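The values are calculated or read from the model by the stated rules, or taken from the named source; none is laboratory data. This one's a predicted model, so the numbers in the text were calculated from it and none came from an experiment. Cβ placement follows ideal geometry from the backbone for every residue including glycine, while neighbour counts extend to all protein chains displayed. Surface areas here come from the heavy atoms of the whole protein model, side chains and all, with no ligands, DNA or RNA. Shrake-Rupley method; radii C 1.70, N 1.55, O 1.52, S 1.80 Å.
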Amino acid sequence: DQQVKQNSPSLSVQEGRISILNCDYTNSMFDYFLWYKKYPAEGPTFLISISSIKDKNEDGRFTVFLNKSAKHLSLHIVPSQPGDSAVYFCAASERDDKIIFGKGTRLHILP
Amino acid sequence: DAGVIQSPRHEVTEMGQEVTLRCKPISGHNSLFWYRQTMMRGLELLIYFNNNVPIDDSGMPEDRFSAKMPNASFSTLKIQPSEPRDSAVYFCASSLKTAYNEQFFGPGTRLTVL
């Protein structure tokens, strides 16, 4: 019974275009959301986060949007670059407790 | 500036053998997490410690799994006896606090149980 769901196992996007990765959650008590990026043979690294009191957070090419009523968040990467090819994990937390991760989405940036 | 250190990086063992995975968190971090990554289940939290005390071990699959944190700079995850279905990548992560602070992951240990 997954509390954080990433329904797209993989996504291919042309270099220079926008990449949109989606994530849904079921626990309405989650108040903090994160995205992690993972390259092969490495551990995940933190990318960007958002508190439930906000609906958008931007950091350079990366923007996370949160829709609490729909229990949905998304990560936008604009413009997509070859180095963005990786697995992206969506994660959520309740009251500064443990983080629950989704299964991940593999992003392929096509030349 | 060393990050989270895990050893070994790769472990191949036979079913029934004991396996011990090791982790050294980033100095000064007071929370430590053990995760397991598989294709089927993604990244699962097994157990986490705060100030060397286990806080939540609800993710530990069964009694064959145990974890210890004898001091702030060392933790182990032990599987005894190991089974083929334990094959996965095991990650250790540390942070200054729990969720609201960034977790720093180690490179992982790829475990293969034959």
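Here are the numbers for this structure:
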{"read-out": "Criterion violated by residue A:22 - all others in (1) within 23 Å of residue B:45 (Cβ to Cβ); (2) open to solvent by 30 Å² or more (accessible area, probe 1.4 Å); (3) among the polar types (S, T, N, Q); (4) out of contact with any Cys (no Cβ under 9 Å at 6 or more places or on another chain) satisfied", "value": "(4)"}
{"read-out": "Total residues in the stretch A:67-84, condition crowded, with 18+ Cβ neighbours inside 10 Å and among the polar types (S, T, N, Q)", "value": "1"}
{"read-out": "Test: residue in the stretch A:58-66 that is farther than 17 Å from residue A:19 by Cβ, charged (D, E, K, R), assigned to a loop (DSSP other than H, G, I, E, B) and open to solvent by 20 Å² or more (accessible area, probe 1.4 Å)", "value": "no"}
{"read-out": "Candidate set from the stretch A:38-85 (those that are within 14 Å of chain B (Cβ to nearest Cβ) and touching a Leu at 6+ places or on another chain (Cβ under 6 Å)); member that is nearest to residue B:39 (Cα to Cα)", "value": "A:49"}
{"read-out": "Single residue of the stretch B:40-63 satisfying the filter (within 11 Å of chain A (Cβ to nearest Cβ) and closer than 19 Å to residue B:110 by Cβ) that is surrounded by the fewest Cβ atoms within 10 Å (Cβ to Cβ)", "value": "B:40"}
{"read-out": "Enumeration of residues in the stretch B:68-110 that are outside any loop (DSSP other than H, G, I, E, B) and within 14 Å of chain A (Cβ to nearest Cβ)", "value": "B:88, B:89, B:90, B:91, B:92, B:93, B:94, B:95, B:104, B:105, B:109, B:110"}
